[in-house]
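Working notes for the structure below.
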Amino acid sequence: MFSGSRRGPGLAIFLLATQIFQVGLHNIPPVTLATIAINTIIFLRIPILNIRYPSLGNVCISVVNTWYKGDWKRIALAAFFHADEWHLYYNMASMLFKGMSLEKRLGSAYFVYLLAVFTILTNGVLLGLNYATDEFLGYHEYLSHCAVGFSGVLFALKVVTTYYLPPGIQYIMGIIPIHSRLACWAELFLIQILVPNASFTGHLAGILVGLLYVKGPLKPIMDIFIPAANSPSYTYKAQATGYRNQYHPRQQPPTGNYGNTRNLNQGEDEDLAEAIRHSQAG
């Protein structure tokens, strides 16, 4: 089944556009800008080259749809579809500032490579976590839980971002002080409390993939094929996180405000500090 109806931009799309123009198009690296544009075009279902956009039920990733039914394209597609405009807004606002920091450090060619690998691995780990939850904990509903959105990738990028910059204290939601080494874990649980329909295993998958990159063998393996433009030693710092939606494929996608987690951490990287200030102003 395909859904070809075009969506009109709402308040969240307007806020995203405002934030982008406040930063300045000339200040946004090309891969970061293209990623935001692609996600927005897909959400709005803007007709381009006669593309027919599938419904969320045809792209969301779950063990049943992907593993048992063999619909492997969902591993790549699910990340680029969002349940509603606020889901899109918070993910793309987070992508804007994470991308500005990482793409400038790593180079555009490596950054698009990183996004591609993180997208596939994050959704792959998500499937493994959901299968393990059913197999070992007996929560059978996890086999059919179907997730969409870019926030699993954003959690992985967050882990990488924190490792590039010096450690420090940051404030989750501008209130809760926490060491930047623990920020992604705190946000993992806080988001689940504030947004119960968020994909906990999707966010956790992103963190695990990020750790696999900065602590495990993933980065050396990736660098064999395309080396990063810059490879500084890893230290910790963090930015705002993204959000992920989860729903059963037979249910209507939820709508509403997904909330946002913002933080501020002091460090030596002026670009990233400025990006975080813009993010909080949004």
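The values are calculated or read from the model by the stated rules, or taken from the named source; none is laboratory data. Everything quoted here is computed from the prediction, not taken from an experiment. Because the Cβ atoms are built from the backbone with ideal geometry, glycine has one as well, and the counts that use them run over all protein chains shown. Just so you know, the surface numbers come from the protein's heavy atoms only, side chains and all, with ligands and any DNA or RNA stripped out. Shrake-Rupley method; radii C 1.70, N 1.55, O 1.52, S 1.80 Å.
Annotations for the structure displayed:
- Average accessible area per residue (Å²) across region 92-244 - probe 1.4 Å, nucleic acids and ligands excluded: 37
- Relative counts (whole %) of C-alpha pair distances in region 126-199, using bins that are 10 Å wide: 17, 40, 30, 14, 0
- Exposure of Lys69 as accessible area (Å², to 10), given a probe of 1.4 Å and all protein chains: 140
- Carbon and sulfur %, accessible surface of region 26-163 computed with the full protein complex present, 1.4 Å: 68
- Accessible surface of Trp185, taken over heavy atoms with a 1.4 Å probe and every protein chain present, rounds to 90 Å².
- Rough spin-label spacing in nm, given labels placed 7 Å along Cα→Cβ, for Ile120 and Lys215: 2.5
- Packing-based order for 108-114, 175-181, 41-47, 136-142, using average beta carbon neighbours within 10 Å, highest first: 108-114, 41-47, 175-181, 136-142
- Exposure check, 1.4 Å probe, all protein chains in place: Leu212 carries approximately 70 Å² of accessible surface.
- Additional length obtainable on full extension of the chain from Gln192 to Tyr68, 0.36 nm per residue less Cα span: 41.9 nm
- Counting only protein heavy atoms and a 1.4 Å probe, region 5-65 has 49 square angstrom of accessible area per residue.
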